[in-house]
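The values are calculated or read from the model by the stated rules, or taken from the named source; none is laboratory data. All values reported here derive from a predicted model rather than from experimental measurement. As a convention, Cβ positions derive from the backbone with ideal geometry for all residues, glycine included, and neighbour counts pool all protein chains shown. We work out accessible area using only protein heavy atoms, side chains counted, and drop any ligands, DNA or RNA first. Shrake-Rupley method; radii C 1.70, N 1.55, O 1.52, S 1.80 Å.
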Amino acid sequence: MCNELRGALAEIVGDAHVSDALVDRICYTRDCGPDRAGIPGAVVRPGTTDEVAEVLRLANRMHVPVFVRGRATAFLGTGVQTDSIVMETTRLDRVEEVDTRANWVKVGAGAIWHSVDADMHCLGRELAVPGGGGLFSCTVGGSVALNAIPHGMTEYGMTGDHVLSLDVVLPNGDVIRTGSAANPGAEPVERYANGPDLTGLFMGSYGILGVITSVVYRLRRIPEAEAFAMYAFDDYCEAVDAACGVQTQEAATFLVGLFGGPRPTGMEGDAFLHVIARGDSSSTAQRLAKAKAVCESSGGRPVSPECTRNYWQEHMYSWLRNTAPGPYYSDRPYFCPEVAGFVSTQGLKRAVRLFREFVREQEEEFERFGIRIKGVDTYFSRNGAFLWIDTLYDERRDDAWEFGLELRARIAGLMFSEGMSPGGIGAGVSPLIMPRLGAYTGLVRTLKTALDPMNILNPGILVEQGGAS
Ligand SMILES: Cc1cc2nc3c(=O)[nH]c(=O)nc-3n(C[C@H](O)[C@H](O)[C@H](O)COP(=O)(O)OP(=O)(O)OC[C@H]3O[C@@H](n4cnc5c(N)ncnc54)[C@H](O)[C@@H]3O)c2cc1C
């Protein structure tokens, strides 16, 4: 079976771009998260949309499931099944077209977010959102497929808000183009054209409905100025009130809240708000002044620029750059079974309180299994909040790993019941959440069955379904 599969895949993509070596297959099993998965039978790296389509047609003929992978920087579980095919998109990495007058770029789905952004900087432009925290390694297609939560979302919105058109290979190998560009004679100027928003269908669908092979993404001029401030609060409820005020006054491009976990070096307080404003120099200064007034009126104290820099270095970048252990990650290897979701800004008060109570109740177990909280952080959107809770443990301890997954399930269940809707869901968390969404999940299943009757593409990632896999 393996030889036959390998040979057929090599005919499509060339021998150099398919592997059935055990070491490769093991490396392509998991993403960055804690969920273990099966070892695929082959790994294939198509270089064109046509090759993607041919691989999917072959998979249908051979009844072999295909799991799509960008750079596997998600924490959600790959769901890879034993003897399946993993299809990696990283050879689809070309910037295909740029229009700096209409401000869009068309790029292969496997391109790395940051490298596209860096290319656009040479033209005085940037991608319309800065990308999520994984931007130095994640792909554009992966970020769109799971509608990543980007930096800058307070002003700029979500990753998906700036997608103008997608090229998608459907599970049966058919290729479609979405938005105004579905008309072969038209430019990709608008997503909402030619009937229903089929672009939206594929965003946040985790690759279950099709493989995105290229993305048209909005650009913006690089703003003239960027300014930072940070405020410490003695009570997290004051920080939530201040965040609400900053949102109402549109005073931040990016507003981040720290509501738990280790305190950034040099900072004293119960919760912290980090404010970033971008724009021209005068509007940036005005917005920071508004944020300052709002934060101080809710009891916030300004934090020194050095502490602010420490926060970003220790928290966001120590992991990416593999620097020495800091307060957040300490010794490694660790795992990070995160629970994350959207909640109203005021609803954050209750969510943080419940989580803190939950942790207090589990103190003994946390001690026994060496569980640590990395962070209870929030990216604020225009009118709400995206809360994520990360717990760390050492996966070399099987008991800690099992407890970590159980903990994730319990926190996800608790948060869902309290009105939080998961942003990232994937293979690990979807079985806990999707069955609770009733007819909504029924519709996702219906769409999946209609587009993928053989259940060949990313089976089981969002919904269970009958099929030939
Ligand atoms: C240090 C760090 C910080 C992070 N910070 C953030 C953050 O701030 N916000 C955030 O949202 N995430 C964050 N992440 C998670 C992750 O980086 C992003 O979600 C990222 O967008 C995933 O891209 P990827 O290419 O790695 O996708 P993968 O992990 O490879 O895939 C994710 C999902 O999309 C599907 N998929 C991938 N490519 C395609 C395609 N071309 N067509 C169809 N389906 C596809 C996969 O099957 C899978 O279900 C972070 C990760 C790290 C390591």
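So that you can scan it fast, the table gives a plain yes or no per residue for (1) part of a loop (DSSP other than H, G, I, E, B); (2) within 13 Å of the ligand (Cβ to nearest atom); (3) under 22 Å from the mean Cα position of the chain (by Cα):
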| residue | (1), (2), (3) |
| --- | --- |
| Asp50 | no, no, no |
| Ala59 | no, no, no |
| Val86 | no, yes, yes |
| Val98 | no, no, no |
| Ala102 | yes, no, no |
| Val107 | no, yes, yes |
| His114 | no, yes, yes |
| Ala118 | no, no, yes |
| Leu123 | yes, no, no |
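Given the condition within 16 Å of the ligand (Cβ to nearest atom), touching a His at 6+ places or on another chain (Cβ under 7 Å) and touching a residue at least 60 places away in the same chain (Cβ under 8 Å), answer yes or no: does some residue in segment 247-254 qualify? Looking for residues that are within 16 Å of the ligand (Cβ to nearest atom), touching a His at 6+ places or on another chain (Cβ under 7 Å) and touching a residue at least 60 places away in the same chain (Cβ under 8 Å), one finds at least one in segment 247-254, hence yes.
Given the condition charged (D, E, K, R) and in contact with a Pro (Cβ under 7 Å, 6 or more places away or on another chain), answer yes or no: does some residue in segment 9-32 qualify? Yes, because at least one residue in segment 9-32 is charged (D, E, K, R) and in contact with a Pro (Cβ under 7 Å, 6 or more places away or on another chain).
Each row is one residue, and each column tells you yes or no for (1) touching a residue at least 60 places away in the same chain (Cβ under 8 Å); (2) among the hydroxyl-bearing types (Ser, Thr, Tyr); (3) closer than 30 Å to Glu187 by Cβ.
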position	(1), (2), (3)
Cys27	no, no, no
Pro40	no, no, no
Pro46	no, no, yes
Glu51	no, no, yes
Leu56	yes, no, yes
Thr73	yes, yes, no
Thr78	yes, yes, no
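Report yes if Ala102 is in contact with a helix residue (DSSP H, G or I) (Cβ under 6 Å, 6 or more places away or on another chain) and either modelled with pLDDT of 95 or more or among the hydroxyl-bearing types (Ser, Thr, Tyr) (or both), otherwise no. Criteria not met by Ala102.
Scanning segment 390-401 for residues that are outside any loop (DSSP other than H, G, I, E, B) and either open to solvent by 10 Å² or more (accessible area, probe 1.4 Å) or at pLDDT below 90 (or both) gives Asp390, Thr391, Leu392, Tyr393, Asp398, Asp399, Trp401. Of the strands (runs of 3 or more DSSP E) that lie entirely inside segment 134-226, those containing 2 or more residues that are open to solvent by 20 Å² or more (accessible area, probe 1.4 Å) span 175-177, 211-221. Scan segment 276-311 for residues that are open to solvent by 50 Å² or more (accessible area, probe 1.4 Å), over 15 Å from Ala251 (Cα atoms) and part of a helix (DSSP H, G or I) and the total you get is 3. Checking each residue in segment 237-275 for being in a helix (DSSP H, G or I), open to solvent by 10 Å² or more (accessible area, probe 1.4 Å) and not acidic (Asp, Glu) picks out Cys237, Cys244, Gly245, Gln247, Thr248. Scanning segment 61-72 finds one or more residues that are open to solvent by 30 Å² or more (accessible area, probe 1.4 Å) and assigned to a helix (DSSP H, G or I). Residue count for segment 144-156, restricted to those that are within 6 Å of the ligand (Cβ to nearest atom) and under 20 Å from Leu387 (Cβ atoms): 3. Taken together, the residues in segment 96-108 that are without any contact (Cβ under 8 Å) to a residue 40 or more places away in the chain and either farther than 18 Å from Arg221 by Cα or open to solvent by less than 30 Å² (accessible area, probe 1.4 Å) (or both) amount to 0. Within the set Pro453, Pro435, the sole residue that is more than 16 Å from the ligand (Cβ to nearest atom) and free of Cβ contacts under 8 Å to residues at least 12 places away in the same chain turns out to be Pro435.
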